[in-house]
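The values are calculated or read from the model by the stated rules, or taken from the named source; none is laboratory data. If you're wondering where the values come from, they're calculated on a predicted model, not measured in any experiment. All Cβ positions, glycine included, derive from the backbone under ideal geometry; neighbour counts span all protein chains shown.
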4 protein chains.
Amino acid sequence: MGGDLRFVQGNEACVEAALYAGLDFFAGYPITPSTEIAELMSSRLPQRGGRFLQMEDEIASICAIIGASLTGSKVMTATSGPGFSLMQEGLGYAIMAEIPCVIVDVQRGGPSTGLPTKVSQGDINQARWGIHGDHAIVALTASNHQDVFSITVDAFNFSETYRTPVILLFDETIGHMRERLEIPEPGGIHLVERLKTSVREGVDYHPYLQREDGRLPMSDFGGVHRYNVTGLFHDMWGFPSENPRVVHELMRHLVDKIENHVERMTRYREYYVEDAEVLLVSYGASARSSLHMVTERRQHGEKVGLLELQTLWPFPAALVREKARHAEFVVVVEMNMGQVLLSVKASVERPERVFLANRVDGTLITPIDIRNILRLIQGKGV
Amino acid sequence: MGGDLRFVQGNEACVEAALYAGLDFFAGYPITPSTEIAELMSSRLPQRGGRFLQMEDEIASICAIIGASLTGSKVMTATSGPGFSLMQEGLGYAIMAEIPCVIVDVQRGGPSTGLPTKVSQGDINQARWGIHGDHAIVALTASNHQDVFSITVDAFNFSETYRTPVILLFDETIGHMRERLEIPEPGGIHLVERLKTSVREGVDYHPYLQREDGRLPMSDFGGVHRYNVTGLFHDMWGFPSENPRVVHELMRHLVDKIENHVERMTRYREYYVEDAEVLLVSYGASARSSLHMVTERRQHGEKVGLLELQTLWPFPAALVREKARHAEFVVVVEMNMGQVLLSVKASVERPERVFLANRVDGTLITPIDIRNILRLIQGKGV
Amino acid sequence: MGGDLRFVQGNEACVEAALYAGLDFFAGYPITPSTEIAELMSSRLPQRGGRFLQMEDEIASICAIIGASLTGSKVMTATSGPGFSLMQEGLGYAIMAEIPCVIVDVQRGGPSTGLPTKVSQGDINQARWGIHGDHAIVALTASNHQDVFSITVDAFNFSETYRTPVILLFDETIGHMRERLEIPEPGGIHLVERLKTSVREGVDYHPYLQREDGRLPMSDFGGVHRYNVTGLFHDMWGFPSENPRVVHELMRHLVDKIENHVERMTRYREYYVEDAEVLLVSYGASARSSLHMVTERRQHGEKVGLLELQTLWPFPAALVREKARHAEFVVVVEMNMGQVLLSVKASVERPERVFLANRVDGTLITPIDIRNILRLIQGKGV
Amino acid sequence: MGGDLRFVQGNEACVEAALYAGLDFFAGYPITPSTEIAELMSSRLPQRGGRFLQMEDEIASICAIIGASLTGSKVMTATSGPGFSLMQEGLGYAIMAEIPCVIVDVQRGGPSTGLPTKVSQGDINQARWGIHGDHAIVALTASNHQDVFSITVDAFNFSETYRTPVILLFDETIGHMRERLEIPEPGGIHLVERLKTSVREGVDYHPYLQREDGRLPMSDFGGVHRYNVTGLFHDMWGFPSENPRVVHELMRHLVDKIENHVERMTRYREYYVEDAEVLLVSYGASARSSLHMVTERRQHGEKVGLLELQTLWPFPAALVREKARHAEFVVVVEMNMGQVLLSVKASVERPERVFLANRVDGTLITPIDIRNILRLIQGKGV
């Protein structure tokens, strides 16, 4: 690879990846530990011909990127927990109106203002359920900067492919630590561009009429076609409808377009899984400690393995069930009260064998923490 | 009972109950299908000497009641899904600062503006997870107006007892249908009043120092004690802290004060559960159809029963596991894509025996719908 | 293959196959949706030197072919449900007297005159149990015209091999739809010819004395041997007997000659069965929709498979048990109230995992129908 | 009881019960072992003012009683296996047109003419499945003459209540043996009379419009209302319809009106069931031998019990499952190749514990036969 080599924070890796993916428009309100993303964007994006807007708050931020996306732009905002809570209403609108956009949540300790620059992974289930009403969502994460880069590009690709908001759930440790990043050559990673409509000017365009493959081509708002966009349940013209059949079909479409493509959206890494008697399941900064612990214990002959999830939603249940099939113990390692734990328990054949190794005090869970908890789980005492 | 007999909407039953419970302050922004609550409050509450404020939006509404509660008032707001999404940040503050308040969400179809006056039960998991960061929550519901009344009183009682926001999750059908309500005599239902501090004026008051029983007595803000209130993790003085031990203890306190009292907060009804081979688990308007179906099929000798949940959060897992122990089929009846289903599956011994009977098109699920789905589940076809 | 290529109805494929198999004699009373079989036979069979008789009703039809078969002819009749009901007494005679014959039932909606030209698969269990008294039966079906052809040839082969009536259970959709059929070259499919007796003229012939391999060679009735044929229990001479030992042996012979050869008579197709988590079991037109659904969902990574049964009786229980062993869900797809469902449930290790996806309103079950029912079965709701 | 005491054949008990139930019309073609029923009817029925018709065959017989029933009469025919096969088409018409009638099948050995005056119970599954197309059926039996009497009255009552054919499945032993019968006083057994319509002359009568309780009041054909009766699927006017919704609803109505009332139609007797380690399940003449064996072995302290089924269809699955719950062995005792065995296996929790004790040679199964088979089942050898 002849790529550009850098020593960066995770937040910077995310910014570079967004630019690589073709970002046109960023609107945001800075909040630690995501601040560097807005800061870097304010200089880097205009250099590339894109637009950066500092908004008055997070509600304005999500609304601005939704509007910009409708006109044909690739868009992004970045925030942390408190701002993410404020964005839930706008996010629901983007889901209902099927507008591509990428939202970064660099997690810190919550709830409320919580722990501004301390690490946490406490927003995982909010990413899934924070919006009122049934819906599906895509949320991705990563544990190192090379993966932060590629998963950020994936976020844009998924967003454009499925016309859906995609959430990037990083954490304070990943956002702020520095490590090597090699930026790929242009063309090194496939980029998905928006599917434009082939309906010509002067001909009726049905903004919510699916093609045979289920996809909805878009026409740039303000362009040659006039059409309706709404947060209400709507028909193929985009006009509101309360017809139960229309409502049911739209609901199923919004859910199925995500849930039925779980395999295509599943990104993960695995280490020593095949013969693992103890399988760690982790993600983000927690996965770094997990990997360290696994590598170290393997040198002592312990059959420990790690499944690192990068796709958190739609939850890769089939993958987890398959990888966990032969393990005697499954230990979810995360920095919250057991949020991914719930999904893992719901996915495996023997939920009574799933345990939690966690830390919720704003400090990074360590390999020693994990090993100590594992001893207790195995009945070996403290 | 010599109570006052009325023929009211569910929204009106909720208003009367709040007044009965001693409501002092209501702030809200009307939104269907909860509008009647604000409308009735605007006349009924001032008659009792309370304050009604029409706010500019839902963020203002939740913030207003939090402030009013701090001064010693019993407070409430009411909204539907879109407004509930906007309240998530404020709700997190109330959780972190441990401020009693009651929030009514009369659910309609979502996400986004969705289906303004059509029934749904799509906000159940948002009530649990809509706030960023780990936390616990109390959420209650009911399927008839007498229960709407008593569960609303419970909401105020739990809120004051545990210094926590309590969410009332009604649905459009319950909110708008009319049926008989008998308002109990004053004193007929026990009311919990706020636990005031016994610390006297001039002496240091530690607003977040727990008593031996874990409760935190409050001093009216603006009164004789000066103290700090924050959304940040904090010590017993209410001042921000990043000390991991302090953070960990506060996190566990916020979760444990709810989760450890699940039994005291569990409200439910059961019908023919004892010998039921098919156990329906339902709540709200869905439970009405479930009850009709169960009663009708019992007349034909079918061993069908119903467990109607009124407490949705903290989820009464032990109760559900116990009641489902001898059932061959457990069918969760709800008007969403299977939200309580997830909790039921996580609670029972044989999750593969748990099925979903649902409807997500804005129309009420009927007894016939349930029976038809039951046939399919039982392998009997259409 | 240098075979003759045609674009035909299923009924025509059946006619061509019967001619290919060496049909000598056809007697029938036309009834939709089987009418084309009699119609085509009336011209095609005489061209080949065979005899076609239009009878006054279905009782006469079955009796005519039984008589013709006794004289050494390969025989067939065709009808639909109402006519098939009328043939039950004659069928029982053919079983007791061990007379080869092929009966086609192109199923329509029943009971009674029911739905004359609408699809159904409601006669499956009648084919097994429509005759009074214990007995065994052979019944075959197919889902495409190439298989209609080969299974029709099988029907004649089984009939001659085991001296038994064989029922072809097609359905209206298969009977009337047109698709490509390649008629094999003569000799392309092995044909079983009747086993003639080696007993010479003038020597006593025992029509019901089994050879060592259990088979009964026949002498053409009206030929060189005189012998008795009866519907009563009988000895090796064909004369009536009430001797309990004779009765018991004949009963066991009639059942065992079919049931003990289930493996040789089992015809089926399988698609993606090996790793299927959801196994569909289907046949006839329902199997077409099942195959479509399986192929489509495999493209989305869903582990769905299809076992298409062509032999319905004797029921291939061992095959079904083996194929279903690793499936989490077994779904029988058929157009009736669950007739093959009963046999599948009786065959598998975990009958509680067997479900029904069906349609009973005279319209073809579609891939979407199957998928929707599958969702409910999997507890995913509507 | 001051009833009339007699010493009669089972066939005679059946005749007396039909007269007691209010039989108006009998048409039949005599066949052993049911001949005495027609013979006695030919003299007894006209004495009471009823009509007896000797028909030319069984098809004519079933058609005659269907026509007579339509005019408001209580009707019956009687036959044995071969005639019962011929009646299947007419039976299907009676099911589709919902015409009350009672058909007696005094079983002999089959298939075909089989064993004219030897005992068998080989028509059980034919009674369920002999008719083409999906349907439900009622079939009853008894093991002693007092029960033959009361179950025959039940047959008329069920037939009138549910507007359905009811089949009485006796066997040669019950039909021909003589024992004591006490005929109850008039009024001693409740009789169900036909539900007449309350629609007056000159007003449109909808012959297939259900009342709220699901029942269809009848107007005597040839009377004041003109209406259509057909074997085709039909609407509430009785006119043919291919509308899928109409078809589905009629199909479900025809099945549900029987299957959903299984408890009301379940007749059975039990002996020593409560603590039985070995539970015999039997019916008809086989139940006599079973009862003898159970009574005798109880005197030796063996924990054997008997569940005697009188209602065979709709099969009382819930009853059988309940009674078999605590038994280590369930042994179905019957005189066929295991027909009720299939239903028992499909009903119980542990089908691998269900065994068959049978006899199929035209002689009555004896208590010794049952005991010998039981030893083998229990692993005690011959």
*Quick one: count up the residues across region B:357-382 that are within 10 Å of chain C (Cβ to nearest Cβ) and touching a His at 6+ places or on another chain (Cβ under 8 Å).*
3
*If we only count strands (runs of 3 or more DSSP E) wholly inside region D:58-146, which ones have 2 or more residues that are more than 9 Å from chain C (Cβ to nearest Cβ)?*
D:75-79, D:101-109, D:138-140
_Could you tell me how many of the residues in region D:40-49 are surrounded by fewer than 16 Cβ atoms within 10 Å (Cβ to Cβ) and part of a helix (DSSP H, G or I)?_
4
*Kindly indicate the residue of region A:1-35 that is modelled with pLDDT under 95 and in a loop (DSSP other than H, G, I, E, B) and also surrounded by the most Cβ atoms within 10 Å (Cβ to Cβ) among those meeting that condition.*
A:G3
*Enumeration of residues in region B:266-297 that are farther than 27 Å from B:D105 by Cβ and either within 14 Å of chain D (Cβ to nearest Cβ) or out of contact with any strand residue (DSSP E or B) (no Cβ under 8 Å at 6 or more places or on another chain) (or both)*: B:D275, B:A276, B:E277, B:V278, B:E296, B:R297
*asked:* Regarding region B:277-297, can at least one residue be identified that is without any contact (Cβ under 8 Å) to a residue 40 or more places away in the chain and under 22 Å from B:V354 (Cβ atoms)?
replied: yes
*Taking the condition aromatic (F, W, Y) and either more than 14 Å from chain C (Cβ to nearest Cβ) or surrounded by fewer than 24 Cβ atoms within 10 Å (Cβ to Cβ) (or both), does D:F52 pass?*
yes
*Could you pull out the residue among A:G175, A:G202, A:G222, A:G187 that is in contact (Cβ under 8 Å) with a residue 24 or more places away in the chain and farther than 30 Å from B:H132 by Cβ?*
A:G222
*Selected residue [surrounded by 18 or more Cβ atoms within 10 Å (Cβ to Cβ), over 18 Å from A:M251 (Cα atoms) and more than 7 Å from every other protein chain (Cβ to nearest Cβ)] from B:V354, B:V330*: B:V330
*For region D:298-314, what are the residues that are within 24 Å of B:E302 (Cα to Cα) and either β-branched (V, I, T) or within 11 Å of another protein chain (Cβ to nearest Cβ) (or both)?*
D:T311
*How about region B:213-262: which of its residues are more than 23 Å from the chain's Cα centre (by Cα), assigned to a loop (DSSP other than H, G, I, E, B) and within 14 Å of another protein chain (Cβ to nearest Cβ)?*
B:N228, B:V229, B:T230, B:F233, B:D235, B:G238, B:F239, B:S241, B:E242, B:N243
